[in-house]
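Asker: Dropping a structure here in structure tokens format, bear with me for questions.
The values are calculated or read from the model by the stated rules, or taken from the named source; none is laboratory data. Source: prediction; values computed, not measured. In this analysis, Cβ positions are derived from the backbone assuming ideal geometry, glycine residues included, and neighbour counts consider all displayed protein chains.
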Amino acid sequence: MASRPLRLLVVTYYWPPSGGAGVQRCLKWVKHLGQFGVVPTVLTVDPEQATYPVLDESLLAEVPAGVRVIRTGTSEPFEQYKKLTGRAVPYGGFANEGKPGFTQQVMRFVRGNLFIPDPRRGWNRHALRAVAELVAGGEAFDAVLTSSPPHSTQLIGLALQRRYGWRWLADLRDPWANIYFAKDLHRTPLATWLDTRYERQVLAHADAVLVTSPETKRLFLNKNAALPEAKIHVVPNGFDEADFGQPSAPPTDCLRIVHAGTITELYHLGGLLAALAATVLAYPAVPVRLRFVGQVSEQLRAQIAAAGLAEICEFRPFVPHAESVRELLAASVLLMAIPDVPRNLGILPGKLFEYLAARKPILCVGPAGCDADVILRACGAGQVLPYEDVALMQATLEALVRQWAAGPDLDLVGSRFGQYARRAQAAALAALL
């Protein structure tokens, strides 16, 4: 007799029509889990009340027709934030705020000390009420998966486990108390203690913890010697093969370097910009273009201008995911960077895996030996270029320019990145469940 499907409750704040990297992980898992005997139900926030930094209505079409999505209200302080500051909802790490003024500093203090773990915790009681209504109506789940940030979502999983005894998988896409922008929250010792306590409770009580990189696993294990290593599973971000069914179309009229997503001065691109300026000067016959698609801070734009690259650079706003993929496929080379912040060895941007799926050479600025460096080398897509190693950056750029001059198609061959396909990851997740 065939076993019945496993009923999984997926709790995630970010869900279509939310855009950006945070929505992709759960969306793609839900898309594929049904093939492995798992029936997911998604619990998320009403988009009319949510505070999403970016929207991507096109992603709604990727939600499988048979998947039930339950949307609830929420109670969050962001409308007051916008009224007081005159600014939009902050991106992760305040990437869209630039240099904060006095009001922004005050609001960061309020956010860091009065809303713990984060301001989206106001969603929790709405989510828990919705689950209680389902249970009262006779429904039950075999397991619950909570995905964060916002890390307050993990407290929903903690409460559900205590109330109903369901198996609980806590998916932490980013570090928690040690996230790189924690210093910008101006937390008091009491607030830091409380945030760390929540993190410790989640790590201790979840039946399994999912993280995106080996370094993040090491970070969590070092926090608690009693935490079993086997409890924490590295499930990197990935790519959906269906997104890359269209052919690659590298340009023949220029060597186009493309960065997709959010980037700021924290990513320390000064050395690369200097190396690119020198390369352009040394090879005037090769037209090099630099394209940014997404959020770029004003400080980084100023650095680009100061490097003398304004004429070869173009900025495009955030685009829907499908169009972002087309931008990758229309590139010669792809650019990414790891923010130059403490404990950055385990930062694995979601874009890395879509970059790999696009089969382009990857210029990555970051700390040598980091988790991204290991993956790039293993996949034959490049290596991490240390922040200050301008000579290595220029040598790498000049090699790409010479290669392009010999033939404009720089696309990579091979399939060493197949392990990062979302379908394969959904199979691994189903096994954990």
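Asker: State which residue pairs qualify: first residue closer than 18 Å to I338 by Cα and modelled with pLDDT of 95 or more and inside the range 385-403, second residue assigned to a helix (DSSP H, G or I) and of a type in the set (V, I, T) in any location, beta carbons under 8 Å apart, and separation of 6 or more residues or different chains.
Answerer: L385/T396
Asker: If H233 satisfies every condition in (1) under 30 Å from L169 (Cα atoms); (2) assigned to a helix (DSSP H, G or I); (3) touching a residue at least 24 places away in the same chain (Cβ under 8 Å) but one, which is the exception?
Answerer: Here H233 clears every test but (2).
Asker: Going residue by residue through the range 259-266, is there one that turns out to be over 19 Å from the mean Cα position of the chain (by Cα) and either crowded, with 19+ Cβ neighbours inside 10 Å or within 22 Å of D371 (Cβ to Cβ) (or both)?
Answerer: No, the range 259-266 contains no residue that is over 19 Å from the mean Cα position of the chain (by Cα) and either crowded, with 19+ Cβ neighbours inside 10 Å or within 22 Å of D371 (Cβ to Cβ) (or both).
Asker: Taking A322 as the residue in question, decide whether it is touching a residue at least 40 places away in the same chain (Cβ under 8 Å), of a type in the set (A, V, I, L, M, F, W, C), crowded, with 22+ Cβ neighbours inside 10 Å and more than 20 Å from R377 (Cα to Cα).
Answerer: no
Asker: Something else about it: Hey, can you tell me all the residues within the range 45-74 that are in contact (Cβ under 8 Å) with a residue 60 or more places away in the chain, surrounded by fewer than 19 Cβ atoms within 10 Å (Cβ to Cβ) and closer than 11 Å to P17 by Cβ?
Answerer: Hits for the range 45-74 are E57, S58.
Asker: Can we say T192 is farther than 30 Å from S332 by Cα, crowded, with 20+ Cβ neighbours inside 10 Å and out of contact with any Phe, Trp or Tyr (no Cβ under 9 Å at 6 or more places or on another chain)?
Answerer: So T192 does not fit the description; no.
Asker: Can you tell me which residue among L219, L185 is of a type in the set (A, V, I, L, M) and modelled with pLDDT of 90 or more?
Answerer: L219
Asker: With (1) modelled with pLDDT of 95 or more; (2) in contact with a Lys or Arg (Cβ under 8 Å, 6 or more places away or on another chain); (3) not hydroxyl-bearing (S, T, Y) as the list, and A140 as the residue in question, which single condition is left unmet?
Answerer: The single condition A140 does not satisfy is (1).
Asker: Further, regarding this structure: Counting only residues that are in a loop (DSSP other than H, G, I, E, B) and touching a strand residue (DSSP E or B) at 6+ places or on another chain (Cβ under 6 Å), how many does the range 43-66 have?
Answerer: So the count comes out to 2.
Asker: Still on this structure, please answer the following. Working carefully through the options A249, A191, A260, A277, find the one that is in the same structural domain as P386 (by TED's automatic domain parsing) and farther than 30 Å from Q425 by Cα.
Answerer: A277
Asker: Can you go through V110, V202, V144, V131 and tell me which one is under 30 Å from Y267 (Cβ atoms), buried (at least 18 other Cβ atoms within 10 Å of the Cβ) and of a type outside the set (G, A, S)?
Answerer: Going through V110, V202, V144, V131 in turn, just one is under 30 Å from Y267 (Cβ atoms), buried (at least 18 other Cβ atoms within 10 Å of the Cβ) and of a type outside the set (G, A, S): V202.
Asker: Of all the residues that make up the range 167-186, how many are part of a strand (DSSP E or B) and either of a type in the set (G, A, S) or over 13 Å from the mean Cα position of the chain (by Cα) (or both)?
Answerer: 4
Asker: Moving on to the next point. Has the range 406-414 got any residue that is in contact with a Phe, Trp or Tyr (Cβ under 8 Å, 6 or more places away or on another chain), of a type in the set (G, A, S) and closer than 19 Å to L329 by Cβ?
Answerer: No, because not a single residue in the range 406-414 is in contact with a Phe, Trp or Tyr (Cβ under 8 Å, 6 or more places away or on another chain), of a type in the set (G, A, S) and closer than 19 Å to L329 by Cβ.
Asker: Restricting to the range 62-89, give me the number of residues that are at pLDDT below 75 and out of contact with any helix residue (DSSP H, G or I) (no Cβ under 8 Å at 6 or more places or on another chain).
Answerer: Within the range 62-89, residues that are at pLDDT below 75 and out of contact with any helix residue (DSSP H, G or I) (no Cβ under 8 Å at 6 or more places or on another chain) number 5.
Asker: Consider the range 404-433. How many of its residues are farther than 19 Å from V258 by Cα and part of a helix (DSSP H, G or I)?
Answerer: Final tally of qualifying residues: 15.
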